[in-house]
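Let me give you the structure first, and then I'll get to my questions.
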Amino acid sequence: VVFDKFKSILYNLDFVDNIISWNREGGIKEYFKLLKKLKKENYDIIIDLQVLLRTSILGFLIKYKKVFSTSFIRELSNFFVHPVAKFDASLHAVERNYQVAKFFAEKEKVFLEEPMNLLPWIKISEEEKIFAKKKLEYDETKKYIIFSIGSRGWHKIWPKENFFKLIMILIKNFKNIIPVFVGSQQEKVSVEQITKNLYFEYKDFTGKTSLRELCAIINLSTITISNDNGVAHISSALNKPTLVLFGPSNPKWFYPYNSKSAYIYKNYKCSPCGIKTSCKDNKCMKEIKVEEVFEYILEKFAKYL
């Protein structure tokens, strides 16, 4: 069960038998429509990986004695679910979710791979690969660097001027680099303010791709450089080298989860403050210097360039 705008992430996975989409904008009417549909299927077990009040009540109403969840309990949902482990603040969100799989594997006495051994988690079809190559006008001699300059909340965004300066330094120091901009329509203006000053080849797909098309384009990239957002997590789930700039978010929970990736984080006393912050000056992002990011790229990612 997944919000409809995210469901295509689950396409092409051979262990997924059915995808049930949830129209988030449908309100209470859609909620009860979904409840009715799920109850009719007579499922044996409910696994709640989000553990919010709306999901935990949904699971409870479907199969109240068989709702299992991760250890990260929110919004009083502890009354409706059975967490499979005690909360451990040191665990990445992937590892915390994976505790549910380990819980059932132990019960069934079956061997379970560690999650990083199962990368890439998003599967790209051959047709999608062909589409992405055509869209990019793909050249094997080029290095395509994904730039995702937006995020959910202004306080999580590195200044666009810094992205521009970083691109200019990268172009100066490495051959055959092509910047590729991706993101939602809301980021279009900010991207145009960067690209209007670029005198070399670049690709701008901001607001121009579906979720699957975005995945296919990222799959052909060399590196992704991003704020903490969905693009960064898609990139790491595709097992691509990914550099994420963190400020308000907790990187211990949300760093790009593969061995090729890294992140930069200032770790001020006021951070991480999360999404629902009253911050009026996101110095945690603004004080990440362009030169610092470039030096980090040289240290961690030069072998890919």
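The values are calculated or read from the model by the stated rules, or taken from the named source; none is laboratory data. Everything numeric in this text was worked out from a predicted model, so none of it was measured. Using ideal geometry, Cβ is built from the backbone for each residue, glycine included, and neighbour counts are taken over all protein chains shown. Heads up: the accessible areas ignore ligands, DNA and RNA and are worked out on the full protein's heavy atoms, side chains in. Shrake-Rupley method; radii C 1.70, N 1.55, O 1.52, S 1.80 Å.
Can you list residues whose amide H is under 5 Å from residue 82's amide H, if they're 5+ apart or on another chain and H is modeled 1.01 Å from N?
Here 67, 68, 69 satisfy the definition.
Here's a follow-up. Using the Cα centre of the stretch 56-122 as the reference point, and only Cβ charges (+1 on K/R, -1 on D/E), how large is the resulting charge dipole? Debye, rounded to the nearest 20. Intermediate values should be presented prior to the final figure.
Numbers: 9 positive and 7 negative charges, 74 e Å.
Dipole of the stretch 56-122, to the nearest 20 debye: 360 debye.
I'm a student and want to see the number: the projected area of the Cα convex hull of the stretch 176-305, averaged over all directions, in nm². Provide the component values of the computation, followed by the final result.
Working: hull surface 34.9 nm².
Averaged projected area of the stretch 176-305's Cα convex hull equals 8.7 nm².
Which cross-chain or sequence-distant (5 or more) residues have an amide H under 5 Å from the amide H of residue 257, H modelled 1.01 Å from N in plane?
none
Here's something else I'd like to know. With +1 on each Lys and Arg Cβ and -1 on each Asp and Glu Cβ, and nothing else charged, work out how big the dipole of the stretch 193-305 is about its Cα centre, in Debye to the nearest 20. Mind dumping the intermediate values first?
On the way: 16 positive and 10 negative charges, 60 e Å.
It comes to approximately 300 debye.
Treating only the Cβ of Lys, Arg, Asp and Glu as charged (+1, +1, -1, -1), what charge dipole size does the chain show about its Cα centre? Round to the nearest 20 debye. Numbers along the way, then the final one.
On the way: 49 positive and 34 negative charges, 149 e Å.
Here the chain has a charge dipole of around 720 debye.
Next up: At 1.002 mPa s and 20 °C, plugging the Kirkwood radius over alpha-carbon pairs of the stretch 87-187 into Stokes-Einstein gives what diffusion coefficient in µm²/s?
Numbers: Rh = 17.9 Å.
It diffuses with D of about 119 µm²/s by this estimate.
What residue among 234, 146, 264 has the largest mean-square fluctuation in a Gaussian network model of the chain, using Cα springs under 10 Å?
264
Using a 1.4 Å probe on the protein heavy atoms, what percent of the accessible area of the stretch 1-118 belongs to carbon and sulfur?
Working: 4490 of 7990 Å².
C and S fraction of accessible area: 56 percent.
Considering the dipole of the stretch 1-87 built from charges on the beta carbon (Lys and Arg +1, Asp and Glu -1) around the Cα centre, which of 31, 45, 85 is farthest to its positive end?
Looking along the dipole axis, the top candidate is 31.
Against the longest alpha carbon principal axis of the chain, how many degrees, from 0 to 90 and to the nearest 10, is the axis of helix 160-173 turned?
Helix 160-173 sits roughly 60 degrees off the main axis of the chain.
Applying the Karplus parametrisation 6.51 cos²θ - 1.76 cosθ + 1.60 with θ = phi - 60° to the phi angles of the stretch 114-121, what ³J(HN,Hα) value in whole Hz is obtained for each residue in order, glycine and proline being reported as x?
Ordered by residue, 3J(HN,Hα) equals 6, x, 5, 6, 9, 5, x, 7 Hz.
Another question, then. Would you give the gap between the C-alpha center of the stretch 27-98 and the C-alpha center of the stretch 131-192, rounded to a whole Å?
So the two Cα centres are separated by 37 Å.
Positive end of the dipole of the chain, charges at C-beta (+1 Lys, Arg; -1 Asp, Glu), about the Cα centre: which of 174, 250, 148 has its Cα farthest in that direction?
250
How many Å² of accessible area per residue for the stretch 83-141, probe 1.4 Å? Mind showing how you got there, number by number?
Values: 4130 Å² over 59 residues.
Result: 70 Å² of accessible area for each residue.
At 222 nm, what helix-only mean residue ellipticity would the chain give, in deg cm²/dmol to the nearest 500, using -39500 (n - 2.57) for each DSSP H run of four or more?
Details: 11 runs with 112 residues, N = 305.
Calculated mean residue ellipticity at 222 nm is -11000 deg cm²/dmol.
Can you give me the long-range amide H partners of residue 178? Hydrogens built in the peptide plane at 1.01 Å from N, cutoff under 5 Å, separation of 5 or more residues or another chain.
Amide H neighbours of residue 178: 143, 144, 145.
In the stretch 1-154, if every C-alpha pair distance is counted and binned at 10 Å from zero, what percent goes to each bin?
9, 28, 35, 20, 9, 1
Using the Cα atoms of the stretch 1-45 to build a convex hull, what is its mean projected area in square nanometres?
Values: hull surface 14.2 nm².
Over all viewing directions, the stretch 1-45 projects a mean Cα-hull area of 3.5 nm².
A further question on this structure: At 1.4 Å probe size, with the rest of the protein present, what percent of the exposed accessible area of the stretch 139-220 is carbon and sulfur atoms?
Numbers: 1870 of 3850 Å².
Roughly 49 percent, rounded to a whole number.
Based only on Cα atoms, what mean projected area does the convex hull of the chain have, in nm²? Don't jump to the answer; show the numbers that get you there.
Details: hull surface 69.4 nm².
Convex hull of Cα atoms, orientation-averaged projection: 17.3 nm².
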